[in-house]
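Presented below is the structure to which this report refers.
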Amino acid sequence: MAPTLELYTRKIGHPEWEEPFVVNMGPQHPSTHGVLRLYLELDGETVVRCDPRIGYLHRGLEKLSENMTYTQAMVLTDRLDYISSAANNTGYCLAVEKLLGLEVPRRARLLRTIVCEMARISSHLLWLATHALDIGAMTVFLYCFRDREWLLDIYEKICGARLTVSYPRIGGVRLDFTSEIIDELYQFTEEFPTRITDYETLIDVNRIWLRRTKGIAVVPPEKALNMGLTGPSLRGSGVPYDVRKFRPYDAYDEVEFEVPVGKNGDTYDRYRVRMEEMRQANRIIRQCLDKLAQTEGEPVVAEGAPDLLMPEKKKAPRAVPHPKKGFMVKGEEVPVVPEGEVYVSIEAPKGELGYYIVSDGSGKPWRVRVRAPSFVHISAIPEMVKGHMVADIIAVIGTLDVVLGECDR
Amino acid sequence: MNPIRTIFLTEIGKGLWLTLRKMFSRPVTVQYPEERKPVAPGFRGRHALVRDPETGRERCIGCLRCAKVCPSRCIYIETERDPETKRMVVKRYEVEVLRCVFCGYCEEVCPVNAIVLTEFYEYVGYRREDLYFDKERLLANWDEFLTTQKRPYFNPYWKPRGVPEKMLPAPKRKAEGV
Ligand code: SF4
Ligand code: SF4
């Protein structure tokens, strides 16, 4: 028998029978920064449940690198967080260098620090641009892209590519800077602080911006630590954790900088932290440029760094010479990269980016595992959006600064 | 919020003043098809095989290093021995550009600087075959590229700046422009 009208109305009114209103946000939504899909259950406009569904950009980078030599696998790390590829490369190279026990020359360390901080600025600029656009500020978007373009041009001059730079290499960097690049970087660092002031004039105290960001997605410090947030998202909650200070790599122990922290842990504080970080990054680049002059003419690749064309297997010369051919005949197999495992983490623009590499002695990594900040940050979205409006989800995705290339890998 | 700011909309006025000022500054937009930005030397764009000015043939000696180092494995090379001169010659040299990741490893690793990623970036095709370069096409790319360049042309990756000489293979140490 068909349900009577009475039964039907009873069903709707009954809390157990009532079905939530389900909305799929993404994967083609323009504000989900890539291909993030959020499964939302709504009560009116309030989020009851949020369930991120990831994997749309999965390319199997970790598995792919098992079939490549260490130098070849570095090219893949460009595609993790494609906005700050130089930082990803550096993290990977640091991990392999630790495995090999290589000492990187000072000039190469300075150069890497510069490109890492350039990556931080360009990543934060893109973040500010899209975050502001999502919340409704168009002008900031255009200004940020104008300045990011300048940085990309400098990248192009440094290494010939704008986005997927592949600039660091195991044991150093691939090319030295020319004097024009250094001059242009001086010019950039000279001018950039005024540009930041411009963005702040536009949105810092703007009433629409304040209403959309103040008190949205508040994360207390303990909760931020429990959820595994790192980088600016954690520092916005007032925890001064920064890998650059705690375990300095490259040239970060030589330069002076501050780690900005927020107070309330809301979207506005995270915005403030990132803006301050851009200023500090600018300062770091400036100091590194000054130090570069002291290392003029030094090599940028470590002694004994692996060749680009790394062998998969290596045979040592024979200890006892061959009666006719002497030492030319190869003997026992020796490890190309020492056996062992390492974990190295760096402060990528999005948070703590870690590489865990297991080596079995051959020229190919046995296992590469990437601890991607975006992956952890996406798992924090359900907690942060609970009880907020649908429009605030956009603000939350923006404030966590997730990149799906890194999350899905 | 500060009450004066609320009533007089000062922050919005300041923002508008900034955008108004920017209206009279020099525009940074590049009207792309008509205007082009200069490409930095050493840009990693379309592939080309260097034509040796003396012999008129490709410089490549078929050592397969580039095919081996390529992370996306998109270079295919076949060599054979010339029956007359008894030298190895390259029979096939093909690059599948659709798979290339433009890392520049091939030009850095080549001992005789035979392959180069040119500064040419506008190449599209309607079919996959249009972007599958064989040897003739790669040499033609080089000829086309050289007409736009100041001679002698030298790619930064042919002899990377700052890399100690003893780490480079012998022909690369005394590499010269074409
Ligand atoms: S640029 Fe890189 S991916 Fe492309 S052909 Fe050369 S080595 Fe291969
Ligand atoms: S590395 Fe150079 S010489 Fe060797 S095969 Fe490749 S292009 Fe030819």
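The values are calculated or read from the model by the stated rules, or taken from the named source; none is laboratory data. In this text the structure is predicted, and so the values were computed from the model without any measurement. Cβ atoms come from the backbone with ideal geometry, glycine included; neighbour counts cover every protein chain shown. All accessible areas refer to the heavy atoms of the entire protein, side chains included, with ligands and DNA or RNA removed. Shrake-Rupley method; radii C 1.70, N 1.55, O 1.52, S 1.80 Å.
See the values below:
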quantity: Relative contact order (%) - criterion: Cα under 8 Å, at least six apart; region: segment A:131-289; calculated: 20
quantity: Selection of GluC sites (Glu not before Pro), segment B:108-178, meeting DSSP coil and at most 16 other Cβ within 10 Å; calculated: B:Glu122, B:Glu176
quantity: Separation in nanometres of the label points that stand 7 Å from Cα toward Cβ, at B:Asp52 and A:Lys314; calculated: 3.3
quantity: Probe 1.4 Å, accessible area per residue of segment B:32-178, Å²; calculated: 55
quantity: 13 Å beta-carbon shell around A:Asp360, net charge (K/R +1, D/E -1); calculated: -2
quantity: Measure of compaction for segment B:71-117 (Cα Rg per 2.2 N^0.38 Å); calculated: 1.34
quantity: Ordering of B:72-81, A:230-239, A:353-362 by packing [mean C-beta count within 10 Å, highest first]; calculated: A:230-239, A:353-362, B:72-81
quantity: Shape metrics for segment A:77-145, restricted to C-alpha atoms - Rg then Dmax, Å; calculated: 15.7, 50
quantity: Relative contact order (%) - segment B:47-173, alpha-carbon pairs under 8 angstrom, separation at least six; calculated: 29
quantity: Centroid-to-centroid separation of segment A:155-200 and segment A:28-67 [C-alpha atoms, Å]; calculated: 32
quantity: Accessible surface, per residue, of chain A when the full set of protein chains is kept, probe 1.4 Å, Å²; calculated: 41
quantity: Relative contact order (%) - criterion: Cα under 8 Å, at least six apart; region: chain A; calculated: 25
quantity: Shielding by other protein chains, A:160-168, mean Cβ within 10 Å; calculated: 5
quantity: By average C-beta atoms within 10 angstrom, highest first, the peptides A:116-127, A:258-269; calculated: A:116-127, A:258-269
quantity: Nitroxide proxy distance, nm - points 7 Å out along Cα→Cβ at A:Glu66 and B:Leu98; calculated: 2.8
quantity: Separation in nanometres of the label points that stand 7 Å from Cα toward Cβ, at A:Asp51 and A:Glu296; calculated: 6.4
quantity: Over segment A:99-201: Kirkwood hydrodynamic radius from C-alpha pairwise inverse distances, Å; calculated: 14.9
quantity: Pairwise FRET efficiency - A:Glu180 versus A:Val218, Cβ, R0 = 41 Å, nearest 0.05; calculated: 0.30
quantity: Dipole moment magnitude, nearest 20 debye, segment B:47-173 about Cα centre, only Lys, Arg, Asp, Glu C-beta charged; calculated: 560
quantity: Helical mean residue ellipticity (222 nm; -39500 (n - 2.57) per DSSP H run of 4+; nearest 500) of chain A; calculated: -15000 deg cm²/dmol
quantity: Taking all pairs of distinct alpha-carbon atoms in segment B:47-173, Kirkwood radius in angstrom; calculated: 15.4
quantity: Directionally averaged shadow of segment A:220-321, computed from the convex hull of its alpha-carbon atoms, nm²; calculated: 11.7
quantity: Residues losing 50 Å² or more accessible surface upon assembly, segment B:1-45, compared with the chain by itself, 1.4 Å; calculated: B:Met1, B:Glu11, B:Leu18, B:Lys22, B:Lys37, B:Ala40, B:Phe43, B:Arg44
quantity: Estimated FRET transfer efficiency (B:Lys166, A:Glu191; beta-carbon r; R0 41 Å; 0.05); calculated: 0.50
quantity: Neighbour-limited loop hits for GluC sites (Glu not before Pro), segment A:268-297 (at most 15 other Cβ within 10 Å; DSSP other than H, G, I, E, B); calculated: A:Glu296
quantity: No Cys partner within the rule (Cβ under 4.7 Å), chain B; calculated: B:Cys60, B:Cys63, B:Cys70, B:Cys74, B:Cys100, B:Cys103, B:Cys110
quantity: Counted charge near A:Gly101, where neighbours are those whose Cβ lies closer than 13 Å (Asp, Glu -1; Lys, Arg +1); calculated: -3
quantity: Residues of type aspartates and glutamates that A:Lys350 reaches as a straight line, Cα spacing below 18 Å, ignoring anything fewer than 8 places off in the same chain; calculated: A:Asp78, A:Asp81, A:Glu117, A:Asp242, A:Glu258, A:Asp266, A:Asp269, A:Glu276, A:Glu277, A:Asp401, A:Glu406, A:Asp408
quantity: Segment A:261-409 - percent of accessible surface contributed by carbon and sulfur, probe 1.4 Å; calculated: 54
quantity: Contour excess over end-to-end distance, with Cα ends at A:Trp366 and A:Arg207 and 0.36 nm allotted per residue; calculated: 51.9 nm
quantity: Residues of segment A:43-86 with amide N under 20 Å of the 7 Å Cα→Cβ point at A:Val22; calculated: A:43-56
quantity: Of all accessible heavy-atom area on segment B:47-173, the percent that carbon and sulfur account for (1.4 Å); calculated: 52
quantity: Per-residue mean of C-beta atoms belonging to partner chains within 10 Å, peptide A:75-81; calculated: 2
quantity: Rounded to the nearest 20 debye, dipole of chain A from Cβ charges on Lys, Arg, Asp, Glu; calculated: 980
quantity: √(5λ) per eigenvalue of the Cα gyration tensor, chain A, largest first, Å; calculated: 44, 29, 16
quantity: For peptides A:71-80, A:390-399, A:179-188, sequence by mean Cβ density within 10 Å, most packed first; calculated: A:71-80, A:390-399, A:179-188
quantity: Listed residues A:Val261, A:Leu229, A:Thr213: farthest to the positive end of the dipole of segment A:189-287 (Cβ charges); calculated: A:Thr213
quantity: Prolate/oblate/rounded call for segment A:144-266, Cα gyration tensor, a/c under 1.5 rounded; calculated: oblate
